[in-house]
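Input: one structure, supplied below.
The values are calculated or read from the model by the stated rules, or taken from the named source; none is laboratory data. Just so it is clear, the model here is predicted, and its values are computed rather than measured. Cβ atoms come from the backbone with ideal geometry, glycine included; neighbour counts cover every protein chain shown. To get the accessible areas, we keep the full protein, side chains included, count just its heavy atoms, and leave off ligands, DNA and RNA. Shrake-Rupley method; radii C 1.70, N 1.55, O 1.52, S 1.80 Å.
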Amino acid sequence: MGTVLGAANKEANGSALEKKPTVVFVLGGPGSGKGTQCANIVEHFGYTHLSAGDLLRAEIKSGSENGTMIQNMIKEGKIVPSEVTIKLLQKAIQESGNDKFLIDGFPRNEENRAAFENVTKIEPKFVLFFDCPEEEMERRLLSRNQGREDDNIETIRKRFKVFLESSLPVVEHYETKEKVRKIDAAKTVEEVFEAVKAIFALENDKAAV
């Protein structure tokens, strides 16, 4: 690595730590429409979308030692340690050149949440929670079943159960801090995005004051 690049990296890492990025956690059950709305937010508000699942899959695909370890853990049905996912998120934040991020699908549970805040020293600006009835999420997942093996009724219901048991406590934690912005995600994509836009506009106004 050349000295100029080395210095630039050092500088980038330093500035990423000195100036804390704006982070918004995006939470919601499987089929609540998070991915679609994240794409809209990126387009309209200039955020960088980081999906914890995508980062883990990319690491596995890279064939790195870390990727092999992650793959083996997933194969054995084990949960990837929080620190591993957090390191991937930190790296993506530092390399992106942006200062505002949507983190989607993380934290999945209270342990993830506590570890993220502890390691990064970052608290989310707010949590965007896509609240959607189970029947509606089930209907969406079954209708989009395009060869995704995890979109069968039994697996879907298991995923709902995991979400309720693990992720709702995270939402409740941030509710006590008045950081949760709840959205009725059962509406149409357009209606949901109108609600999302209103939240981001309000948060931007608050920041400008």
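Considering only S32, S62, S51, give the residue with the highest GNM mean-square fluctuation for the chain, with springs between Cα atoms whenever their separation is below 10 Å.
Maximum among the listed residues: S62.
Separate question: Leaving out ligands, DNA and RNA, and with a 1.4 Å probe, what % of the accessible surface on the chain is carbon or sulfur?
After summing per-atom areas, the C and S share lands at 52 percent.
Consider a paramagnetic label point 7 Å from the Cα of V42 along Cα→Cβ; state which residues of the range 72-107 have an amide N under 16 Å from it.
Output list for this probe position: 89, 92-106.
Answer with one residue from L168, Y47, G35: the one whose Cα lies farthest towards the positive end of the charge dipole of the chain, charges on Cβ with Lys, Arg +1 and Asp, Glu -1.
Y47
Which one, V23, A195, L141, is farthest towards the positive end of the dipole of the chain when Lys and Arg carry +1 and Asp and Glu -1 on their Cβ?
Positive-end residue among those listed: V23.
Full extension from D131 to D99: what is 0.36 nm times the residue separation minus their Cα-Cα distance, to one decimal in nm?
Contour length minus Cα-Cα distance gives 8.8 nm.
Quick one: putting +1 on the C-beta of Lys and Arg, -1 on the C-beta of Asp and Glu, what dipole do you get for the chain around its Cα centre, in Debye to the nearest 20?
340
On average, how much accessible surface per residue is there in the range 69-126, in Å², for a 1.4 Å probe, leaving out ligands, DNA and RNA?
51
Note down the nm distance, to one decimal, between modelled labels 7 Å out along Cα→Cβ at A201 and at K20.
Spacing of the two 7 Å Cα→Cβ label points: 2.9 nm.
Over the chain, what relative contact order in percent results from Cα pairs under 8 Å that are six or more residues apart?
Dividing the mean separation by the residue count of the chain yields 30 percent.
Take the chain, connect every pair of alpha-carbon atoms lying under 10 Å apart with a spring to form a Gaussian network, then pick out the residue of A92, A186, A198 with the largest mean-square fluctuation.
Answer for the Gaussian network model of the chain: A198.
Still on this model: Eight or more residues apart or on different chains, and alpha-carbon atoms under 25 Å: count the Lys pairs in the range 71-160 matching that.
Going through the range 71-160 pair by pair, I get 14.
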